[in-house]
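The values are calculated or read from the model by the stated rules, or taken from the named source; none is laboratory data. Since the structure is predicted, the reported quantities are computational estimates derived from the model, not experimental observations. Glycine gets a Cβ as well: all are built from the backbone with ideal geometry, and neighbour counts include every protein chain shown. Remember, those area values only see protein heavy atoms, side chains included, never the ligands or the DNA or RNA. Shrake-Rupley method; radii C 1.70, N 1.55, O 1.52, S 1.80 Å.
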Amino acid sequence: MLDLSQAFLDKAKLTKRKVAIGILRPIPETLDSLQRASEYADLVIVGAKVDGFENIVEPNDDEASRIIIRLLKEGKVDGIVRGQVKDSFTLDEFHRQFNKEPLPSNRKICPAVLKKGEYCFVASTSSIYHGMTIDDKKYEVDRIIKYMEEDLGVVPKIGVMSSLRTTSHVGKYKLLDDLAETNKQLAIYLRKRGYDVTEYFFEYETAVWQHSNLIIPSIGLVGNALFRALVYLGGWQTISCPYLDLGVSYEDGSRNEKDFFWHIVHCVAMVNKEKS
């Protein structure tokens, strides 16, 4: 059964690291999560003033993003958690300051690990730009499998989702037919690579109940909605959401989350893995 939280804690305990996080709305739940995470990270709070921590007070959202990236660029922190600042703007700022060519939207790989009770899985295609073509899906899933195998030490048990049931009427809506064919081809591709793959069509609940540890939504629009529904309405916890292939520990997520404990722990764990 996949439960990565203890593995993240074990790696984070090895060495305490300095981490910058964007906090603009220091509500009680957020403050509590920062306090709990301070056992594993020396936090630099950028945005609001938070007592008990190192602060860089900057109420302007965009400028807070610039400061967070600058701290990383200058080596003043070991890793960053985006927290409550903007997503695309902060990533674009990373590329500007690090003088890197921005990645196309369908090449930004950022898997989310979601946990609730006995269930824990990696979700791909949680961005609206992903999953439009079979090449997009192969590129993303191949990279996430590498992350699972090499960084998390997990053998993928994959649930491939679709837009139709096996008994659905084909030919009624071209978009649904195209998505269904793309995901069918993806399942074939992954099976040929030797992975344990089950097609669940659009029964996401069954994929979760049967303990798939990598769930691949049919398209980014659906994946993004799935992520938000679970985290904000279903009581699930995001325990990691890293941008891959940036050469740094950059933990993303969603700015409306209230609890950033696991994001910080995972950020420290990844720094410790890189520097071990």
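For the residue pair Thr15 and Arg165, what label-to-label distance in nm results when each label sits 7 Å from Cα along the Cα-to-beta-carbon direction?
With each label point 7 Å from Cα toward Cβ, the separation is 5.4 nm.
Provide the gained length on full extension for the span Gln97 to Ile128, in nm with one decimal, where the gain is 0.36 nm per separating residue minus the Cα-Cα distance.
Details: separation 31, 0.36 × 31 = 11.16 nm, distance 2.53 nm.
Net length gain for the segment: 8.6 nm.
Take Asp32 and Lys76, extend 7 Å from each Cα along the Cα→Cβ direction, and tell me the distance between the two endpoints in nm.
Going by the 7 Å Cα→Cβ label model, 3.2 nm.
Residue separation times 0.36 nm, minus the C-alpha to C-alpha distance between Asp87 and Asp259: what's the value?
Full-extension gain reported as 60.2 nm.
Out of all DSSP beta bridges in segment 1-149, what portion is antiparallel? Express it as a percent rounded to 5.
On the way: 5 of 19 bridges.
Taking every DSSP beta bridge within segment 1-149, about 25 percent pair in antiparallel fashion.
Mean residue ellipticity at 222 nm from the helices of the chain, using -39,500 (n - 2.57) per DSSP H segment of n ≥ 4 over the full residue count, to the nearest 500 deg cm²/dmol?
Helices in the chain give a 222 nm mean residue ellipticity of -11500 deg cm²/dmol.
Keeping all protein chains in place, calculate the accessible area per residue for segment 154-224 (probe 1.4 angstrom), answer in Å². Numbers along the way, then the final one.
Working: 3720 Å² over 71 residues.
I get 52 Å² per residue for segment 154-224.
Using just the alpha carbons, could you tell me how many Å³ per residue the convex hull of segment 87-184 encloses?
145
If you roll a 1.4 angstrom probe over the protein chains with everything in place, what fraction of the accessible area of segment 220-276 belongs to carbon and sulfur, to the nearest %?
Ligands and nucleic acids excluded, carbon and sulfur reach 54 percent.
Mind giving me the FRET efficiency for Leu233 and Thr198? R0 is 25 Å, r the Cβ-Cβ distance, nearest 0.05 is fine. Mind showing how you got there, number by number?
Working: r = 26 Å, r/R0 = 1.03.
The value I calculate is 0.45.
Plugging the Kirkwood radius over Cα pairs into Stokes-Einstein for segment 140-276, at a temperature of 10 °C and a viscosity of 1.306 mPa s, what D comes out in µm²/s?
Estimated diffusion coefficient is 96 µm²/s.
Mind checking the full-extension length gain between Lys49 and Lys138? Use 0.36 nm per residue of separation minus the Cα-Cα distance, one decimal, nm. Let's see the in-between values first.
Numbers: separation 89, 0.36 × 89 = 32.04 nm, distance 4.33 nm.
Full-extension gain reported as 27.7 nm.
Just to confirm the number: angle between the C-alpha axis of helix 28-37 and the first principal axis of the chain, 0 to 90 degrees, nearest 10?
80
Rounded to a whole number, what % of the accessible area of segment 115-188 do carbon and sulfur atoms account for, probe 1.4 Å?
55
If one computes the Cα centroid of segment 64-83 and of segment 1-17, what distance in Å separates the two points?
Answer, in whole Å: 22.
For segment 44-148, report the accessible area per residue in Å² (1.4 Å probe, heavy atoms, rounded to an integer).
About 42 Å² of surface per residue is accessible.
Could you count how many Lys pairs in segment 132-276 have their Cα atoms under 23 Å apart, skipping same-chain pairs fewer than 8 positions apart?
Close lysine pairs under the 23 Å cut-off: 20.
Semi-axes of the chain's equivalent ellipsoid from the Cα gyration tensor, sqrt of 5 times each eigenvalue, largest first, rounded to whole Å? Write out the running numbers ahead of the final one.
Numbers: eigenvalues 223, 73, 60 Å².
For the chain, the ellipsoid semi-axes come out as 33, 19, 17 Å.
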